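Engineer: Please find one structure pasted underneath; my questions will follow.
The values are calculated or read from the model by the stated rules, or taken from the named source; none is laboratory data. The model shown is predicted, which means the values in this text are computed figures rather than measured ones. No Cβ is skipped: glycine too gets one built from the backbone with ideal geometry, and neighbour counts run over all protein chains shown.
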Amino acid sequence: MVNANNLLAVSNLKTYFAIKKGLLRRTVGYVKAVDGISFSIEKGQTLGLVGESGCGKTTVARSIIRLVPATAGQVIFEQTNVLSADRKRLGKLRRDISLIFQDPFSSLNPRMTVGNIVGEPLKVQKGLAGSELTEKVAALLSKVGLSPDHINSYPHEFSGGQRQRIGVARALVLEPKLVICDEPVSALDVSIQSQILNLLKDLQEDFGLTYLFIAHDLAVVEFFCDVVAVMYMGRIVELAAAEELYENPLHPYTRILMSAIPRVEPTLRGQRIPSAGEVPSALNPPSGCAFAQRCPLVEQVCLKQMPILEEKGGYKEHFVACWKCQ
């Protein structure tokens, strides 16, 4: 999982949110949104982080760039630990790590023009102004499929897909090395989703980008990602190359997710695997494997001991956290 080509290496990342009660606001517990996950992304690679809503995917993204404080762990970006970087160093790191938000409507300031939205990072980080700034913004708008004439328009004048293109332009304006895509197409129509995904693929080739792609739609991840990590209740339960994972899912949770992917061709449709029970409360997680209460393969060891993410015999670089998977 770790090699010299890694652009980003996340090790044992934990992000807990304190639960406070009473007049004195004493801490009475923690919500373990991210509970000790590790993964790495090579330069030019796309890693997909998938799972049900509420499993901690977005918290991982925001912890990596320190929009929310991590409780423990390391985030190594080009030999620098992002979590321990001082303010000056963090400012430089954020030139190389950018974020595309999920909602193209609320992520754009309605009082700013497109030119100001896209150009603001250049003003703050590089001090550009005047015609030089305008030319840079206009060129980038053309690159993402918008007209340079839109530079003086406001967000309300655009459709959802066009707004997300503006968000993509803003994320790329500082020429980052790593782009974190936080469900960038989930709020868009299906036809527009394909346009944005193809745009992101083209930009990856043109700019040599590395992506951390967060999604809950496994069909999108299958198309877009090189490596896939499956999350459940703050932990990674399976990690493998995309082709390997989709051909041979090992974890019961992954199999349930895979069976829910809609297929157009009848020959590709598999039997739907029903999901029993409800997701346990994050305020009071169960002991042992968090998926045990919903798992069709559950045994006593699953209820008592938390499985570790380890490579399973016979499957190269296929990591699974399950007592029953071999």
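Engineer: Condition first: part of a helix (DSSP H, G or I) and modelled with pLDDT of 80 or more. Can you find one or more residues in the range 264-287 that meet it?
Structural biologist: No, the conditions are met nowhere in the range 264-287.
Engineer: Considering only the range 200-219, state which residues are touching a helix residue (DSSP H, G or I) at 6+ places or on another chain (Cβ under 7 Å) and modelled with pLDDT under 90.
Structural biologist: Of everything in the range 200-219, just one residue is touching a helix residue (DSSP H, G or I) at 6+ places or on another chain (Cβ under 7 Å) and modelled with pLDDT under 90, namely Leu218.
Engineer: Moving to a separate point now. Please enumerate the residues belonging to the range 128-155 that are within 14 Å of Leu172 (Cβ to Cβ) and touching a residue at least 40 places away in the same chain (Cβ under 8 Å).
Structural biologist: Scanning the range 128-155 gives Lys143, Val144, Gly145.
Engineer: Further question: What's the total number of residues in the range 22-53 that are among the small types (Gly, Ala, Ser), over 13 Å from the mean Cα position of the chain (by Cα), at pLDDT below 90 and not in a strand (DSSP E or B)?
Structural biologist: Residues that pass the stated criteria total 1.
Engineer: Scan the range 16-33 and tell me whether some residue there is of a type in the set (D, E, K, R) and closer than 18 Å to Thr210 by Cα.
Structural biologist: Scanning the range 16-33, I find no residue that is of a type in the set (D, E, K, R) and closer than 18 Å to Thr210 by Cα, so the answer is no.
Engineer: Which one of Pro176, Pro121, Pro148 is within 18 Å of the chain's Cα centre (by Cα) and surrounded by fewer than 21 Cβ atoms within 10 Å (Cβ to Cβ)?
Structural biologist: Pro176
One line per residue, one yes/no per condition, for (1) without any contact (Cβ under 8 Å) to a residue 40 or more places away in the chain; (2) closer than 18 Å to Arg255 by Cβ:
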| site | (1), (2) |
| --- | --- |
| Ser281 | yes, no |
| Pro286 | yes, no |
| Ala290 | no, yes |
| Gln293 | yes, yes |
| Val301 | yes, no |
| Gln305 | yes, no |
| Leu309 | no, yes |
| Glu317 | no, no |
| Trp323 | yes, yes |
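Engineer: Report, by residue number, each residue of the range 180-199 that is out of contact with any helix residue (DSSP H, G or I) (no Cβ under 6 Å at 6 or more places or on another chain), among the charged types (D, E, K, R) and crowded, with 18+ Cβ neighbours inside 10 Å.
Structural biologist: Within the range 180-199, just Glu183 meets the criteria.
Engineer: Sticking with this structure for a sec: Would you confirm, using the coordinates I've provided, whether Gln125 is within 30 Å of Ala260 (Cα to Cα) and not charged (D, E, K, R)?
Structural biologist: no
Engineer: Taking the condition buried (at least 18 other Cβ atoms within 10 Å of the Cβ) and either modelled with pLDDT under 95 or not hydroxyl-bearing (Ser, Thr, Tyr) (or both), does Phe105 pass?
Structural biologist: Here the answer is no, as Phe105 does not meet what is asked.
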